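Below: one structure, written as structure tokens.
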């Protein structure tokens, strides 16, 4: 009889906006030193100093402690909701809903604490993508969510 293969356990990393109205729980088996950290070169992400990450094998949950603080922002191809606190201005992450489910990314700048071994963000430019290509990439690379907020 073959021994059962045990899946790696997921470690939870949490974060929030500055005032605590919005937050997240990012669960991954990857050590933070191995995360894929990206610095999108769009104007929004540059203006927020965003360095995002995701894990297609992980799980992500966003939380809203003060519903009036949630500002959903869509721009460009309008394929995802970028989640910004309208009280303190922090961009905590983004989510997309597709026929395959809900997927999200976190802004590593909102982690508390930020892991000391976090890799430097690699610049990324997605301007050449169409809406379909962008959704497909996000389904492959972003973290599955139980439900979108």
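Nothing in this text is a laboratory measurement; each read-out follows from the coordinates by a stated rule. In this text the structure is predicted, and so the values were computed from the model without any measurement. Note: ideal-geometry Cβ built from the backbone for every residue, glycine included; neighbour counts use all protein chains shown.
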Problem set entry | Dimensionless Rg/Rh of the stretch 10-103 - Kirkwood Rh, Rg from C-alpha atoms | 0.95
Exercise. What's the Kirkwood radius of the stretch 55-106 in Å, using all Cα pairs?
Worked result: 11.9
Exercise. Put a dot 7 Å past each Cα toward the Cβ at residue 47 and residue 74; how far apart are the dots in nm?
Worked result: 1.8
Seminar exercise, completed: Dividing the mean separation of Cα pairs under 8 Å (6+ apart) by the residue count of the stretch 11-145 yields a relative contact order in percent of 33
For this session: Output the antiparallel fraction of DSSP beta bridges having both residues in the chain, as a percent to the nearest 5.
Result: 90
Exercise. In whole angstrom, how far apart do the alpha carbon centroids of the stretch 80-115 and the stretch 26-41 sit?
Worked result: 13
Exercise. Taking the chain as a Gaussian network, where each spring joins two C-alpha atoms under 10 Å apart, which residue of 127, 81, 55 fluctuates the most?
Worked result: 127
